[in-house]
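To start, the structure itself, in structure tokens.
The values are calculated or read from the model by the stated rules, or taken from the named source; none is laboratory data. Computed from a predicted structure; not experimentally measured. Cβ coordinates were reconstructed from backbone atoms using ideal geometry, including for glycine residues, and neighbour counts include every protein chain displayed.
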Amino acid sequence: MEFFHDVNIDFLGKKWYFLAFSLIFSVAGVCSMLFWHGIPWGLDFRGGTQVDIKFSHPPNYSAISADMDRVGLHNKKIQRFGQTSNNEVLVDLDVRETSAQALDRGKTTIISALESNAPAGKIDLNNASSLTIKNYLMDKDPMHVGTDADQKYTAQAQAIVNYRDNVQGGVLSSLDQLKNSTADPAAVASLNDGFFLSDFGVRNVAIVGPEVGGQLRQQAGLATLYSLVGMLVYLGFRFEWIYGVAAVVTVFHDTLITVGAFSLTNTEISLTVIAAILTLIGYSNNDTIVVFDRIRENIKLMRREKLSEIVNRSINQTLSRTILTAGLTFLTVLALFLFGGEVLHGFSLALVIGILIGTYSSIAIAAPILVAYQDWRIQKGKRPVAMPAKTK
Amino acid sequence: MNKNFLWKLGLILATLLFFLFGIFGIPHSLSGAGLLTAITDHIHLGLDLKGGTHLILQVQVNDAVNVDAQNAIEVLKQQLNSHKIDFSDVSQPEPQNNPDHILVKGVQASARTDLLGIVEDRLPEYQITGGADNSWNLSMKPTMLTDLKTKAVTQAIETIRNRIDQLGVSEPTIQEHGLGQYQILVQLPGVDDPARVKDIMQSTAMLEIKQSLGGPYPSEQAALQDKGGILPADAILLPGHSMPGAEGEGEGQAWYLVSRVSAVTGKDLRDAQPSRDQNGQPSVSFTLTGEGGQRFYNFTSAHVGDSLAVVLDNKVQEVANIKEPIRDRGEISGGRMSEQQSKDLSMILRSGALPAGIKYLEERTVGPSLGTDSIRAGVRAAVAGMLAVLIFMLIYYRGAGINADVALILNLIILLGFMGYFEAVLTLPGIAGVILTVGMGVDSNVLIFERIREELRNGKTPPSAVDQGFSHAWVTIVDTHVTTIVSAAILFLFGTGPVKGFAVTLTFGLLANLFTAVFVSRFIFDWILSRKQRGEALSI
């Protein structure tokens with residue numbers, strides 16, 4: 001099977017279309033960053049409190065919001081998390097609501113607001129840690145164990161928590177459900193006296209203080225910058241400096257468009273998204289290098305031809321590989337996007353966009369820059385820059 | 001079969017076994033469950049997959065500097081007095097921002113030599129400048145200051161580790177967090193309710209035993225009135241619990257006047273254990289070291305009949321009468337301790353005091369249910385992506401597709417084996433890294449195969465096409481791998497937790513890919529070619 005056989009497309013001839021296409025997307029992205037959504041930094045970078053709550057029934061957003069207002073949490077955002085059937089809600093508190101002195105105040109306030117109808121003196125089993133359960137069991141001693149009570153009840157508490165978290169997905173709707181767990185029936189029965197079940201469980205808490213966010217933002221920027229400089233140096237060393245410049249401009253273009261897409265869709269940029277962007281820098285560079293390698297090889301073989309001719313030929317020769325690799329990587333990333341779950345959503349979105357753009361840009365941006373530079377040198381009456389002789 | 005061939009086959013099989021061992025070890029049983037436990041024993045899951053708490057805290061190093069500076073001020077005053085040098089004031093002008101800065105006022109220029117001599121002899125870590133207006137500036141030498149701060153962080157890590165070890169958290173990570181200044185990263189797998197752990201870590205538990213000079217007073221004003229409006233210079237007022245059992249005083253605060261100097265401090269403790277006081281209430285009993293015991297004996301002998309105050313974190317916990325000299329035993333009670341509190345307090349006292357306060361900067365808790373879901377989703381995506389690629393390669397390259405698939409699977413085994421051997425942590429982004437490695441790893445195969453096809457089209461024979469294909473593609477493969485590893489390395493240096501896990505899998509995956517896509521794949525081609533007749537076509 002073969003998709004591309006003896007293709008000969010004049011890619012360089014279409015460079016103005018490419019330029020227009022890239023400009024439209026870059027400018028749209030930059031405009032969105034400047035005037036519309038800004039850069040939608042995620043919690044990691046802006047600081048704040050984020051609590052992921054799973055309900056045992058479809059959540060009532062206005063009721064949740066009212067509960068929060070009642071306890072004085074006003075700067076908040078409540079949104080669905082993942083599929084509707086998950087009954088999961090993400091509550092975001094502004095960094096202003098995140099006290100630097102008691103970092104977890106927002107979290108505890110949220111939980112107590114939602115537990116507002118708790119029976120007095122009872123503990124919420126859906127949000128109890130295994131330690132709390134163990135201490136309770138030690139106190140009650142329903143199994144009448146003599147020695148090793150600590151050890152035995154730790155195991156019981158663990159069994160109860162495991163059943164709640166791993167089998168029931170974090171929320172129990174009735175204490176009777178625990179009868180199916182591996183915990184001792186006597187221990188389970190004793191829970192009735194001291195525990196009640198709220199209609200939610202907290203699955204994930206992230207609290208980032210104000211200092212950390214700024215620090216991370218700076219580091220993400222630096223990491224991206226160092227990555228680009230690393231490429232520039234390596235390519236300058238392996239090829240000629242103009243190749244490095246072309247590759248870096250290309251990668252910058254990809255990064256800009258990807259971040260722009262996040263801004264346009266108002267999707268949060270978390271730490272993992274930055275990781276995805278850095279991966280893209282590597283990936284897009286891969287693609288560019290494959291084309292450059294071919295150009296370098298062809299320059300030695302086709303000494304009489306014009307550079308634009310050589311570049312076109314090189315792109316066409318590697319086109320089959322470019323499309324195949326991009327397609328296959330895209331397949332795997334698509335699998336991540338579809339099946340990888342909500343936590344990886346931003347990460348896989350960045351890769352889905354980035355792989356499309358990264359593949360496009362090595363053909364549409366990197367190669368034309370090389371040719372344009374060469375033409376410019378000739379126009380100024382200089383000799384075209386010596387093409388790389390080193391191939392090893 | 002020639003010797004070269006056998007040698008390569010041996011190497012590939014040995015690699016396969018070596019890395020399989022890295023993933024599974026020697027499993028107890030070959031059943032599905034047995035293999036699964038074998039894997040989880042060898043491949044460590046990150047906090048985001050198994051649940052737990054991740055904390056970043058900052059050591060308030062200025063606290064430690066402040067302690068040192070206050071000590072220096074005392075020394076300085078004492079020395080100036082004993083050298084009979086007049087001064088009007090020794091103080092820290094900016095204890096918040098420049099805690100190491102000490103200002104000495106009112107020392108005549110004629111005493112300059114003596115003053116410099118005192119600083120040089122008794123405070124070698126300080127440098128002194130100035131002299132204008134008879135005021136002198138002392139500040140800590142920069143290297144000393146850095147030393148002091150670094151030491152505070154190391155000591156805080158040590159103390160926190162002691163405390164967490166005693167709590168019985170398994171496999172905690174406590175290390176300096178290189179990203180920020182004076183920050184410590186604490187990871188506690190399996191802890192999904194960090195409140196208690198945080199309290200215990202944060203507690204400075206500064207224990208002091210001082211002489212009680214008066215109290216309890218209902219308010220600060222009352223204490224002042226009692227002392228005629230002026231407090232003695234060597235005494236301070238500290239808040240405390242009201243006397244237990246006193247009717248009508250409830251939970252309200254009481255104030256005590258205590259001596260500024262301490263007879264013994266937490267540093268003099270040898271051991272502390274939870275116990276019960278004479279009323280059967282939970283308390284903490286402690287024993288002192290030999291030297292501390294001697295000091296305590298001297299103090300109690302000199303003050304029989306007076307009262308002593310047990311002060312914890314600048315709060316008077318208990319006041320007791322000294323009936324007879326005490327050598328090395330004591331008890332902290334009062335304040336209505338619960339049993340858990342007495343256990344925690346004794347544990348904190350045993351683990352040593354924090355050299356400076358700590359502040360939490362970041363807290364993340366992943367519930368185990370989310371981790372389970374993430375693993376499920378990650379594995380599902382990995383399997384789906386992997387299958388899609390494997391099947392596509394088979395269809396597109398037919399015979400050579402098998403070759404690529406073998407290389408890819410081997411790549412995955414080596415990657416996971418690497419993780420097992422290096423005890424690298426598999427995070428959710430790490431799983432994504434594995435998937436991405438599959439996608440990018442197949443690139444090398446595609447590069448090589450496309451090149452071979454091209455060479456075949458140009459009329460080369462299969463053996464020479466394979467040879468040319470590999471040698472041409474090799475240059476490109478090296479370039480692409482190096483650049484990707486560069487960005488992965490930068491990620492590793494800058495990233496934390498999950499992101500670091502991603503960088504690790506990506507790097508290992510790419511390294512493994514160099515071996516599988518080039519060496520193994522080449523070997524399979526050579527093997528196929530050696531079994532073919534001259535001129536027979538290659539399935540690619």
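Looking only at segment B:454-475, decide whether some residue is aliphatic (A, V, I, L, M), under 30 Å from A:I269 (Cα atoms) and assigned by TED's automatic domain parsing to the domain that holds B:G22.
Just the residues of segment B:454-475 that are aliphatic (A, V, I, L, M), to begin with: B:456, B:465-466, B:473, B:475.
If we keep only those that are under 30 Å from A:I269 (Cα atoms) too, we end up with none.
No, segment B:454-475 contains no residue that is aliphatic (A, V, I, L, M), under 30 Å from A:I269 (Cα atoms) and assigned by TED's automatic domain parsing to the domain that holds B:G22.
Could you tell me whether segment B:437-444 includes any residue that is at the interface with chain A (Cβ under 9 Å from one of its Cβ atoms) and within 26 Å of the chain's Cα centre (by Cα)? No, there is no match, as no residue in segment B:437-444 is at the interface with chain A (Cβ under 9 Å from one of its Cβ atoms) and within 26 Å of the chain's Cα centre (by Cα).
So is A:G213 in contact (Cβ under 8 Å) with a residue 60 or more places away in the chain and not in a strand (DSSP E or B) or not? Write out each step before concluding.
Numbers: in contact (Cβ under 8 Å) with a residue 60 or more places away in the chain: yes; not in a strand (DSSP E or B): yes.
For A:G213, the condition - in contact (Cβ under 8 Å) with a residue 60 or more places away in the chain and not in a strand (DSSP E or B) - is met.
Taking segment B:364-400 as the range and being within 7 Å of chain A (Cβ to nearest Cβ) and small (G, A, S) as the test, the residues that pass are B:G367, B:S369, B:S374, B:A377, B:G378, B:A381, B:A384, B:G385, B:A388. Scanning segment A:269-324 for residues that are crowded, with 19+ Cβ neighbours inside 10 Å and either in a loop (DSSP other than H, G, I, E, B) or of a type in the set (G, A, S) (or both) turns up A:S270, A:A275, A:A276, A:G282, A:S284, A:S308, A:S314, A:S320.
When residues in segment B:159-200 are screened for being more than 10 Å from chain A (Cβ to nearest Cβ), assigned to a loop (DSSP other than H, G, I, E, B) and either under 21 Å from A:N162 (Cβ atoms) or without any contact (Cβ under 8 Å) to a residue 40 or more places away in the chain (or both), 5 of them pass.
When segment A:300-334 is limited to residues that are within 14 Å of chain B (Cβ to nearest Cβ) and of a type in the set (V, I, T), the one that is farthest from A:F3 (Cα to Cα) turns out to be A:V333.
Name the single residue, out of those in segment A:102-131 being assigned to a loop (DSSP other than H, G, I, E, B) and within 13 Å of chain B (Cβ to nearest Cβ), that is modelled with the highest pLDDT. Filtering first and then ranking leaves A:A128.
Take the residues of segment B:125-179 that are among the aliphatic types (A, V, I, L, M) and within 30 Å of B:S110 (Cβ to Cβ): which is nearest to the chain's Cα centre (by Cα)? Taking the candidates together, the pick is B:M144.
Scanning segment A:219-244 for residues that are under 18 Å from the mean Cα position of the chain (by Cα) and more than 9 Å from every other protein chain (Cβ to nearest Cβ) returns a single hit, A:G221.
Say whether the condition of being in contact (Cβ under 8 Å) with a residue 40 or more places away in the chain, part of a helix (DSSP H, G or I) and more than 11 Å from every other protein chain (Cβ to nearest Cβ) is met by at least one residue in segment A:152-170.
Initial filter on segment A:152-170 (in contact (Cβ under 8 Å) with a residue 40 or more places away in the chain): A:169-170.
Of the ones still in play, those that are also part of a helix (DSSP H, G or I) are none.
Scanning segment A:152-170 turns up no residue that is in contact (Cβ under 8 Å) with a residue 40 or more places away in the chain, part of a helix (DSSP H, G or I) and more than 11 Å from every other protein chain (Cβ to nearest Cβ).
When the residues of segment A:279-301 are filtered to those that are in contact (Cβ under 8 Å) with a residue 12 or more places away in the chain and among the acidic types (D, E), the one that is farthest from A:I357 (Cα to Cα) is A:E297.
Can you tell me which of B:L447, B:L361 is touching a residue at least 12 places away in the same chain (Cβ under 8 Å), crowded, with 24+ Cβ neighbours inside 10 Å, within 30 Å of B:I56 (Cα to Cα) and within 8 Å of another protein chain (Cβ to nearest Cβ)?
When all the criteria are applied, what remains is B:L361.
In the set (1) within 13 Å of another protein chain (Cβ to nearest Cβ); (2) among the β-branched types (V, I, T); (3) over 30 Å from A:G42 (Cβ atoms), A:V212 fails one condition alone, (3).
Please tell me if B:L506 is surrounded by 24 or more Cβ atoms within 10 Å (Cβ to Cβ), within 11 Å of another protein chain (Cβ to nearest Cβ) and in contact (Cβ under 8 Å) with a residue 40 or more places away in the chain.
On the way: surrounded by 24 or more Cβ atoms within 10 Å (Cβ to Cβ): yes; within 11 Å of another protein chain (Cβ to nearest Cβ): yes; in contact (Cβ under 8 Å) with a residue 40 or more places away in the chain: yes.
The answer is yes for B:L506.
Of the residues examined, B:I56 is not one that is assigned to a helix (DSSP H, G or I), touching a residue at least 60 places away in the same chain (Cβ under 8 Å) and surrounded by 19 or more Cβ atoms within 10 Å (Cβ to Cβ).
Please work out which residue is nearest to the chain's Cα centre (by Cα), limiting yourself to segment A:3-53 and to residues that are over 30 Å from B:M393 (Cα atoms) and assigned to a loop (DSSP other than H, G, I, E, B). Restricting to residues being over 30 Å from B:M393 (Cα atoms) and assigned to a loop (DSSP other than H, G, I, E, B), the top hit is A:G42. Is at least one residue of segment A:244-264 within 30 Å of A:N127 (Cα to Cα), assigned to a helix (DSSP H, G or I) and among the aliphatic types (A, V, I, L, M)? No, the conditions are met nowhere in segment A:244-264.
Part of a helix (DSSP H, G or I), in contact with a strand residue (DSSP E or B) (Cβ under 8 Å, 6 or more places away or on another chain) and either of a type in the set (A, V, I, L, M) or within 30 Å of A:N166 (Cβ to Cβ) (or both): which single residue out of B:A156, B:A205 fits that description? So that I can check it myself, show each step before the final result.
Values: B:A205 fails: part of a helix (DSSP H, G or I).
None of the other options fit; the residue is B:A156.
In the set (1) more than 22 Å from A:I110 (Cβ to Cβ); (2) in the same structural domain as A:R294 (by TED's automatic domain parsing), the condition left unmet by A:G213 is number (1). If you go through segment A:325-342 and pick out every residue that is touching a residue at least 12 places away in the same chain (Cβ under 8 Å) and part of a helix (DSSP H, G or I), you end up with 9. Look at (1) modelled with pLDDT of 80 or more; (2) more than 23 Å from B:L349 (Cβ to Cβ) and you find that B:G293 fails only one, number (2). May I ask you to verify whether A:K134 is more than 12 Å from chain B (Cβ to nearest Cβ), in a helix (DSSP H, G or I) and not β-branched (V, I, T)? Spelling it out, it is not the case that A:K134 is more than 12 Å from chain B (Cβ to nearest Cβ), in a helix (DSSP H, G or I) and not β-branched (V, I, T).
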